[in-house]
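The values are calculated or read from the model by the stated rules, or taken from the named source; none is laboratory data. Because the structure is predicted, anything quoted here is derived from the model rather than measured. As a convention, Cβ positions derive from the backbone with ideal geometry for all residues, glycine included, and neighbour counts pool all protein chains shown. When the accessible area is computed, the model is the full protein with side chains, heavy atoms only, and any ligands, DNA or RNA have been set aside. Shrake-Rupley method; radii C 1.70, N 1.55, O 1.52, S 1.80 Å.
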Amino acid sequence: MRIWLSRPHMSGREKAYIDEAFACNFVAPVGPQLNAFEDAVADYLGGNVHCVALASGSAALHLALKLAGVTDGDEVWISSMTFAGGVFPVLYLGAKPVFFDLDPETWTVDVELIRNAFAVAAREGRLPKAIVPTDLYGQSVDLAPLEALAEDYGVKLVVDSAESLGAEYKDGRKCGTGGDIAILSFNGNKIITTSGGGMLVTRSAEIADRARFFATQARDPAPHYEHSAFGFNYRLSNVCAAIGLGQMEVLNDRVERRRKINRRYREALRHPGIRFMPEPDGYNSSFWLTAVSVDPDLCGITREAIRETLLEHDIEARPLWKPMHMQPLFAGSRYIGNMVDEDLFSTGLCLPSGSDMSETEQDEVVGRINALLAAA
Ligand SMILES: *Cc1c(COP(=O)(O)O)cnc(C)c1O
């Protein structure tokens, strides 16, 4: 049996919710399950937010940036170490990404780099339209100073919380509630899934209304089809939302399980050359994926050697995201940083972290890695 990095983990209740959707024939992109799913996520996030369920996290980011006013030629400042779906929407709008490095102490975006870049950009009169910090591998960005900076410079803050549902920032706020708009993903490998899906989350009722408008083909109020703007077909299917209802019932269990997996890795892989993604004081990370960096000098072995050996034994582990400024697509784009992300990309490994992984399976992963380290 293959040991996966992170795969869908059903609660067993999803089919009952899908049956309800079929019973009322809402096999459509609207319906009672969709509304209930939005309510369940809003409740989980603390209540005072509006949730708009969408076809994917990328769709949510696309609409979030559009509603932040991003258009042709604008700059969007964004974490370089992220998944492509967290950057491509900048291109959908004809905007230009500027990529920022990570803070070596947190492995999330380096706030000081953004602070300094703001000072320079304000002097030169070319502020970005939005900044998009990415919660990485289930850990919040340092939200408060980013919110303060965005407010000081009158720039919209869109938080990419696609990987961090279930995690908390140090002030107790849940990931997915930060900034002007936050986005979530329910893709198959995320902490919970609707098979595919996403959510736009905002405290502004007006932004939520506009998101629903653009997500359903921008239909003006009229008995016929009337359009004064163009939109998208981005709503989540009601059937997929039904899956989400079953998943929301077990979200807390899933977070607990991933945190336990992370704790067991930390206890079992004690080696001066193995460094875990740090969890800053007061944060409550979900550890969607457990990420480590492998120092080849101290370990006597590279990350790739470990990854390849695991793969030979049918264990899926993956390098950290390849920073976007290193991607051929973004050759020549602006990068502000000290190559902390480049270094983590060359040494970093995401270990199998799925909430349905058994302790025996985790012990096998640990055993293989420790055998390699012992032999090195
Ligand atoms: C998964 C992910 C997305 C995109 O979500 P999809 O639902 O797959 O479109 C965006 N940003 C980050 C950081 C992600 O991990």
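M1 passes every criterion in (1) hydrophobic (A, V, I, L, M, F, W, C); (2) within 16 Å of the ligand (Cβ to nearest atom); (3) outside the structural domain of R115 (by TED's automatic domain parsing) apart from (2).
Going by the structure shown, is P280 in contact with a helix residue (DSSP H, G or I) (Cβ under 6 Å, 6 or more places away or on another chain), in the same structural domain as L344 (by TED's automatic domain parsing) and of a type outside the set (V, I, T)?
On the way: in contact with a helix residue (DSSP H, G or I) (Cβ under 6 Å, 6 or more places away or on another chain): no; in the same structural domain as L344 (by TED's automatic domain parsing): yes; of a type outside the set (V, I, T): yes.
Here the answer is no, as P280 does not meet what is asked.
If you check L127, L149, L143 for being within 16 Å of the ligand (Cβ to nearest atom), among the hydrophobic types (A, V, I, L, M, F, W, C) and either closer than 19 Å to M277 by Cβ or assigned by TED's automatic domain parsing to the domain that holds L65 (or both), only one passes: L143.
Kindly provide the set of residues from segment 205-237 that are within 21 Å of F26 (Cα to Cα), open to solvent by less than 100 Å² (accessible area, probe 1.4 Å) and not in a helix (DSSP H, G or I), ordered by number. T216, Q217, F232, Y234, R235, L236, S237 - these are the residues of segment 205-237 that are within 21 Å of F26 (Cα to Cα), open to solvent by less than 100 Å² (accessible area, probe 1.4 Å) and not in a helix (DSSP H, G or I). Among the conditions (1) of a type in the set (K, R); (2) out of contact with any Pro (no Cβ under 8 Å at 6 or more places or on another chain); (3) open to solvent by less than 60 Å² (accessible area, probe 1.4 Å), R270 misses just one, which is (3).
Whether any residue in segment 210-218 is touching a helix residue (DSSP H, G or I) at 6+ places or on another chain (Cβ under 9 Å) and farther than 20 Å from S58 by Cβ is what I want to check. It would help to see each step written out before you state the result.
Step one: list which residues in segment 210-218 are touching a helix residue (DSSP H, G or I) at 6+ places or on another chain (Cβ under 9 Å), which gives 210-211, 214-215.
Filter once more, so that each one left must be farther than 20 Å from S58 by Cβ: none.
No, every residue in segment 210-218 fails to be touching a helix residue (DSSP H, G or I) at 6+ places or on another chain (Cβ under 9 Å) and farther than 20 Å from S58 by Cβ.
Kindly indicate which of V294, V255 is aliphatic (A, V, I, L, M), in contact with a Gly (Cβ under 8 Å, 6 or more places away or on another chain), assigned by TED's automatic domain parsing to the domain that holds L349 and closer than 16 Å to A374 by Cα. None of the other options fit; the residue is V294.
For segment 59-73, the count of residues that are closer than 30 Å to E312 by Cβ and of a type in the set (G, A, S) is zero.
As a summary of the residue check, D43 satisfies the conditions (1) surrounded by fewer than 16 Cβ atoms within 10 Å (Cβ to Cβ); (2) under 30 Å from R126 (Cα atoms) except for the one numbered (2).
Filter segment 49-68 down to residues that are open to solvent by 30 Å² or more (accessible area, probe 1.4 Å) and closer than 15 Å to A182 by Cα and give me whichever is farthest from the ligand (Cβ to nearest atom).
First, pick out the residues of segment 49-68 that are open to solvent by 30 Å² or more (accessible area, probe 1.4 Å): 50, 55-56, 58, 66-67.
Adding the requirement that they be closer than 15 Å to A182 by Cα leaves 50, 56, 58, 66-67.
Working: H50: 19, S56: 3, S58: 3, K66: 15, L67: 17 Å.
Here the residue is H50.
Before we move on, is P278 surrounded by 14 or more Cβ atoms within 10 Å (Cβ to Cβ) and not in a helix (DSSP H, G or I)? Break it down stepwise before answering.
Details: surrounded by 14 or more Cβ atoms within 10 Å (Cβ to Cβ): yes; not in a helix (DSSP H, G or I): yes.
Considered against the rule, which asks whether it is surrounded by 14 or more Cβ atoms within 10 Å (Cβ to Cβ) and not in a helix (DSSP H, G or I), P278 comes out as yes.
Can you find even one residue in segment 110-131 that is under 14 Å from D341 (Cβ atoms), in contact (Cβ under 8 Å) with a residue 60 or more places away in the chain, assigned to a loop (DSSP other than H, G, I, E, B) and open to solvent by less than 10 Å² (accessible area, probe 1.4 Å)? Scanning segment 110-131 turns up no residue that is under 14 Å from D341 (Cβ atoms), in contact (Cβ under 8 Å) with a residue 60 or more places away in the chain, assigned to a loop (DSSP other than H, G, I, E, B) and open to solvent by less than 10 Å² (accessible area, probe 1.4 Å). Please specify each residue of segment 170-199 satisfying the condition of being more than 14 Å from the chain's Cα centre (by Cα) and either within 12 Å of the ligand (Cβ to nearest atom) or in a strand (DSSP E or B) (or both). Hits for segment 170-199 are T194, S195.
Considering only segment 289-376, give the helices (runs of 4 or more DSSP H) lying wholly within it that have at least 3 residues that are touching a residue at least 60 places away in the same chain (Cβ under 8 Å) and more than 20 Å from R270 (Cβ to Cβ).
On the way: elements: 296-299, 303-312, 340-347, 359-375.
Where helices (runs of 4 or more DSSP H) fall fully within segment 289-376 and carry at least 3 residues being touching a residue at least 60 places away in the same chain (Cβ under 8 Å) and more than 20 Å from R270 (Cβ to Cβ), they are 340-347.
Among the candidates A167, A117, the residue that is out of contact with any His (no Cβ under 9 Å at 6 or more places or on another chain) and either aromatic (F, W, Y) or within 15 Å of the ligand (Cβ to nearest atom) (or both) is uniquely A167.
The residues of segment 72-92 that are hydrophobic (A, V, I, L, M, F, W, C), farther than 19 Å from C175 by Cα and open to solvent by 30 Å² or more (accessible area, probe 1.4 Å), listed by number, are F88, L91.
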